[in-house]
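Note sheet for the following structure.
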Amino acid sequence: MANTYSSWGRYPNRIQNGCSLKRREDDLSSLSALSKNTPFLPYGLGRSYGDSCQNHAGYVVSSAQLNSFISFDSEVGILRCEAGVSLSDIIQVVLPQGWFLQVTPGTKYVTVAGAIANDVHGKNHHTVGSFGNHVIQFELLRSDGTRLICSESQNPDWFYATIGGLGLTGFITWVEIQLRPVKSANLDTENIKYNSLAEFFSISEESVESHEYTVAWLDCSATGASLGRGHFTRANHCQKQYGPIPPVNTEKGKLSFPITPPLSLINNLSVKAFNELYFNRQREINKTAVTNFDAFFYPLDGILHWNRMYGPKGFLQHQCIIPKCNAESAIKELLEVISASGMGSFLVVLKMMGSVPSKGLISFPSEGATLALDFPFHGAKTLGLLLKLDAIVSAAGGSLYPAKDARMSAQLFQQAYPDWIKLEEKRDPNINSDFWRRVTGCQ
Amino acid sequence: MNILIIGASSAIATATARLYAQKYKANFFLVARDEARLSALADDLKVRGATAVTIKVTDFTDDAAYPQWIEEAFTAYKTIDVTLIAHGILGDQEACEKDVNKMKEMMFINGFSPLAMLTELANRYEKQGSGTIAFVSSVAGDRGRSSNYVYGASKAVVTTFLQGLRVRMAKLGVQVLTIKPGFVDTPMTADIDKSGPLWAKPEDIAVGIEKAIVKGKHEVYLPFFWRYIMGIIMHIPHFVFNKLSL
Ligand SMILES: Cc1cc2nc3c(=O)[nH]c(=O)nc-3n(C[C@H](O)[C@H](O)[C@H](O)COP(=O)(O)OP(=O)(O)OC[C@H]3O[C@@H](n4cnc5c(N)ncnc54)[C@H](O)[C@@H]3O)c2cc1C
Ligand SMILES: NC(=O)c1ccc[n+]([C@@H]2O[C@H](COP(=O)([O-])OP(=O)(O)OC[C@H]3O[C@@H](n4cnc5c(N)ncnc54)[C@H](OP(=O)(O)O)[C@@H]3O)[C@@H](O)[C@H]2O)c1
């Protein structure tokens, strides 16, 4: 049976029970499936990879039916909508009116509340910080029926605990966010083929001021002097106005990966071939283009359900941040361990995060280098490699991203997020997740 | 464009309303029983581009009220370009087998209530001489199956009624559209396992409804492949069909 409330990595792949809140005025006690003795967990679009959006000890409460806009002031770009509205819905409505999200992750199929709960970051972290930095206010519904309007001035402690709060403080019913004006649906992009890790850091440094968006894709098959080689992409929203922005259809022409093949289609051979091909797809060192926002921000959304190509065992993502001072050496070490293991990652993404402080108590984004890797699940072999990577992250004073995690140790989590204790104090007594039980032991 | 949506809080109707708000900046008259959801939808449609939205809260068990609010809709907008009737219940087949009142309840909401509305509406559209009347029926009405024949029959009643009404209205330039969705992931089907590949999203159905209206179709299966599936199911001989637990 397919799991409607699964996580994106589908590891561990187990049936998750769930139900949805019907109206934003309803109390959680209106959900007959929930009982006092079993914990529940808010659930958005399940785009978190691991177990932070799973709660096998009880139910998940989906925001799927809370998908209405409430108001939009197109003069100032302030949008209020229900928790389950997706970033894709938002873009469709606001972009033709000259507005865009301040921060977007690499997929638009996430809910606004999910974006708050993981305090998600985008390619412009170095200029604007993370999603929580642009949230004006939201309503938090607690399981005892209390409703708290949270902002920096009203219930600020709940505001900071809920941003990046992994859904644990209560159920967000609606959200108000600040958008940013844009003149076009396109971006001026520049793709630079670079040959070493050192080059990555120097291009990043030189792009901080000049480019709002920066990110690099790494060729994980490269070794030795070319270790860390890849393509560095940097971009700005087009400043030229070409007339009104046309209507946006984010669903048009999408392919879908319709079924889960019995075996993972991602293996060492395909990864190596893909990486080589991808690295060499561009002959010139430097290539500029005007790119549509959809292709630029959401290349992976072009194939819906692409996670299925990893087969029934699912896959694991490993995303860390290494503080700036240790970034170069630790990233080098991580890449060396991966290339020595022979277990390549299909996608390796590296980005320098900026110094804008995150609002959340335990937000993941902080200043440094973030490296994200995907591995098909091959049992002990995969887990062993990830443990080696963890050790490097830990020694460098880094942290792993809960939204992408299904296996980090309690020790690594608690070391990287000492303020987890404060979040635990704010946790709703009837809410819990597989992730939280795993990394804190709190029941 | 002026649109009357009956059962507006249904997932399929909501998705269709959103499409018309975004694409046509339409005016809406929305009818449903759940006030909170209805006013949330009204706000939502305005953000998406609707020009005006009027809401009417009423339960369709109250059939005496139909003429009144249909009148209100036509007073609000003079002409109604599109009427979409989308309310319905999936009910509980087993309960309907055991309890005649449960069976009647389902026949009333899915069958007789649309017929009563359509009778009123037809006379108004007759005077108007233009526009579309669309009803959300179901593939389940094509052939009775042991797992849901009461629901199927309640839809078939309306489908047959519309076949005739269509002929009457065609002369006047009014389109009568029967919409037959297959499996759609909505609150109605929340308790059903959605592992098969046949499940569609309400947004997909909405796109199909709008296309069928624009093309002036009489009947549409959504998604399209249900036409072929039902073609096969309807042609299975009785002696085989009776052995299948569909
Ligand atoms: C292809 C892909 C690319 C990605 N790229 C990025 C990226 O670039 N940057 C980044 O930061 N992340 C990225 N992610 C991760 C993703 O942005 C986050 O996991 C996001 O939080 C998922 O949102 P969701 O709506 O799917 O929520 P879910 O995954 O369902 O839930 C996420 C968390 O939100 C909580 N939650 C959901 N709804 C509510 C609510 N109503 N009230 C309170 N809490 C709630 C849940 O309890 C859970 O803790 C990516 C994911 C994918 C699949
Ligand atoms: N989902 C499918 O797989 C599927 C397939 C084929 C056909 N259909 C048909 O599609 C239509 C829309 O259904 P849906 O799938 O969108 O499900 P839905 O969201 O559950 O919609 C059903 C709607 O009917 C309303 N309703 C039921 N009884 C009512 C009453 N007495 N008075 C007023 N409103 C009443 C409900 O109102 P409340 O919200 O207030 O309860 C609800 O809004 C239905 O006619 C259904 O039969 C559905």
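The values are calculated or read from the model by the stated rules, or taken from the named source; none is laboratory data. These numbers come from a predicted model, not from an experiment. We place every Cβ from the backbone using ideal geometry, glycine too, and count neighbours over all the protein chains shown. To get the accessible areas, we keep the full protein, side chains included, count just its heavy atoms, and leave off ligands, DNA and RNA. Shrake-Rupley method; radii C 1.70, N 1.55, O 1.52, S 1.80 Å.
Near residue A:5, the amide H atoms lying under 5 Å from its own belong to A:16; only residues 5 or more places off or on other chains count, and H is placed 1.01 Å from N.
Magnitude of the charge dipole for segment B:2-241, about its Cα centre and with charges confined to Cβ atoms of Lys, Arg (+1) and Asp, Glu (-1), is about 960 debye.
For the residues of A:75-85, the average number of beta carbons from a partner chain within 10 Å of their own beta carbon is 1. How crowded by other chains is B:184-192, given as the mean number of beta carbons from other chains within 10 Å of each beta carbon? Taking all residues of B:184-192 together, the mean is 2. Take each peptide in B:200-208, A:399-407, count the other Cβ atoms within 10 Å of every residue, and average; sorted highest first, the result is A:399-407, B:200-208. Sorted on the mean count of surrounding Cβ atoms within 10 Å across their residues, most packed first, peptides B:40-46, B:108-114 read B:40-46, B:108-114. Note on residue B:160: accessible area is roughly 90 Å² with a 1.4 Å probe, heavy atoms of protein only. Placing a pseudo-label 7 Å from each Cα along the Cα-to-Cβ vector at residue B:100 and residue A:33 gives an inter-label distance of 3.7 nm. Using amide H atoms built in the peptide plane, which far-off residues or other-chain residues are under 5 Å from residue A:319 H to H? So residue A:319 has HN proximity to A:373, A:401. Of the listed residues A:297, B:225, the order by accessible area with a 1.4 Å probe, largest first, is B:225, A:297. Based on C-alpha pairs under 8 angstrom that are at least 6 apart in sequence, segment B:2-241 has a relative contact order of 18 percent. In this structure the amide hydrogen of residue A:100, modeled in the peptide plane, comes within under 5 Å of the amide hydrogens of A:180, A:182, none closer than 5 places in sequence on its chain.
Take each residue of peptide A:17-30, count the partner chain Cβ atoms within 10 Å of its Cβ, and average: the result is 2.
Counting only protein heavy atoms and using a 1.4 Å probe, the accessible area of residue B:59 comes to about 60 Å². Helix-only arithmetic for chain B: the sum of -39500 (n - 2.57) across DSSP H runs with n ≥ 4, divided by the residue total, places the mean residue ellipticity at 222 nm at -15000 deg cm²/dmol. Our summary gives chain A a relative contact order of 20 percent, counting only alpha carbon pairs under 8 angstrom and 6 or more residues apart.
Burial here means at least 20 square angstrom less accessible surface with every protein chain in place than with the chain by itself, probed at 1.4 Å; in segment B:21-63 the buried residues are B:22, B:34, B:36, B:37, B:40, B:43, B:44, B:47, B:48.
Span-like helix criteria (full DSSP H runs; alpha carbon extent of at least 27 Å along the helix axis; mean Kyte-Doolittle hydropathy of at least -1.0) are satisfied in chain B by B:149-170. Of the options B:103, B:9, B:183, report the single residue whose Cα projects farthest towards the positive end of the charge dipole of segment B:2-241 (beta-carbon charges: Lys, Arg +1; Asp, Glu -1). The Cα lying farthest towards the positive end belongs to B:183. Ranking A:323, A:181, A:412 by Cα position along the charge dipole of chain A, where only Lys, Arg, Asp and Glu carry charges on their C-beta atoms, puts A:412 farthest toward the positive end.
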